[in-house]
Amino acid sequence: MKLKDIVEKADLQVFHAGESWEQETGLGYVGDLLSDVIASGRKDMLWITIQVHENIVAVASLKDLAGIILAKGNQPHDDTLTAARAENITLLGSRLNAYQLIEKLIGLGVSGNA
Amino acid sequence: MPPGATSKGIVLSESVDARFRKLFSIEGGNFQAAGSVSKQIKMILKQLSIDNDLIWRAMIVAYEAEMNAVLYARSCEVTLSVSTHCVSLQFKDRGPGIPDIGLAMTEGYSTATREMRERGFGAGLGLPNMKKTADRFSIESVVGEGTTLQMELDIP
């Protein structure tokens, strides 16, 4: 499914629609430790986290992730939004907590299996 | 290991035939710029037509080392060398140094502050991640002076 369709069906808030917006995405990961995500992140993967500071954008950019979803209603810091725009990384948000969001994304075909 | 001791990993190959070499510098404590050196390295490796899987691994070691420099050091000089057979990264920082390298290399051990942990760093995964990911890894440290990391990734 295309990222923009996942955004619509999962009722995600769009902070920035980046270059992955029209791309197919079928892989997800959840983590708040940046070392874990930098080691495990795969190309075109959607990353769910509660971290909101600007360093998450560098991780997504370096690992070519499809985008970042801030769970539990978290809002990005201003620096994070600025970085996402500059790097053109898709930055999204959800009112749901990580577990609820994963449940919803699995229903849309976003898998945890690489 | 006593304070101030150094620890060397396996012997690294000489990069005398480097076809590309570039220096970068990292400013300790500058979270806004964190990741920018890794990003430049990624762009260079792409321009040199390095294999995507190798770039993917290089980003793990580069970002971990860059974040360690931002988190703990005053400054850090980075040397990227690319030869016909490997990508080599050296991170030489001026900082507090590591008193016990064996302990620092233990997964889960960290001296990170609460603030660093709240930002998702300091889980004690950085150095072990680098060692696991690089084909060759060495670390030397002098307390009160700094730490040097040398990592090589073989080009298939």
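Quick notes
- Taken together, B:45, B:103, B:12 contain a single residue that is modelled with pLDDT of 95 or more and either open to solvent by 10 Å² or more (accessible area, probe 1.4 Å) or away from every other protein chain (no Cβ under 13 Å) (or both), which is B:103.
- Checking segment A:58-74 against the condition returns no match, with no residue being within 14 Å of chain B (Cβ to nearest Cβ), more than 19 Å from residue A:34 (Cα to Cα) and assigned to a helix (DSSP H, G or I).
- Pairs, first in a helix (DSSP H, G or I) in segment B:132-156, second open to solvent by 10 Å² or more (accessible area, probe 1.4 Å), C-beta under 6 Å, six or more apart: B:133/B:57
- The residues listed here are B:120, B:97; of these, the one that is in contact with a helix residue (DSSP H, G or I) (Cβ under 6 Å, 6 or more places away or on another chain), surrounded by 14 or more Cβ atoms within 10 Å (Cβ to Cβ) and not in a strand (DSSP E or B) is B:120.
- For beta carbons closer than 7 Å, sequence separation of 6+ or different chains, a first residue in segment A:22-51 that is within 16 Å of residue B:118 (Cα to Cα) and among the hydroxyl-bearing types (Ser, Thr, Tyr) and a second that is open to solvent by less than 10 Å² (accessible area, probe 1.4 Å) and part of a strand (DSSP E or B), the qualifying pairs are A:49/A:68; A:49/A:70.
- Number of positions in segment A:32-52 that are open to solvent by 10 Å² or more (accessible area, probe 1.4 Å) and either assigned to a loop (DSSP other than H, G, I, E, B) or within 7 Å of another protein chain (Cβ to nearest Cβ) (or both): 11
- A count restricted to segment B:44-83 and to residues that are in a helix (DSSP H, G or I) and closer than 14 Å to residue B:27 by Cβ stands at 7.
- Reported count of residues in segment B:51-94, each being open to solvent by 10 Å² or more (accessible area, probe 1.4 Å) and among the aromatic types (Phe, Trp, Tyr), is 2.
The values are calculated or read from the model by the stated rules, or taken from the named source; none is laboratory data. Because the structure is a prediction, the values reported are computed rather than measured. When we count neighbours, we look across all protein chains shown, and the Cβ atoms used for this are built from the backbone with ideal geometry, even at glycine. Accessible surface is based on the protein model in full, side chains and every heavy atom, while ligands, DNA and RNA are left aside. Shrake-Rupley method; radii C 1.70, N 1.55, O 1.52, S 1.80 Å.
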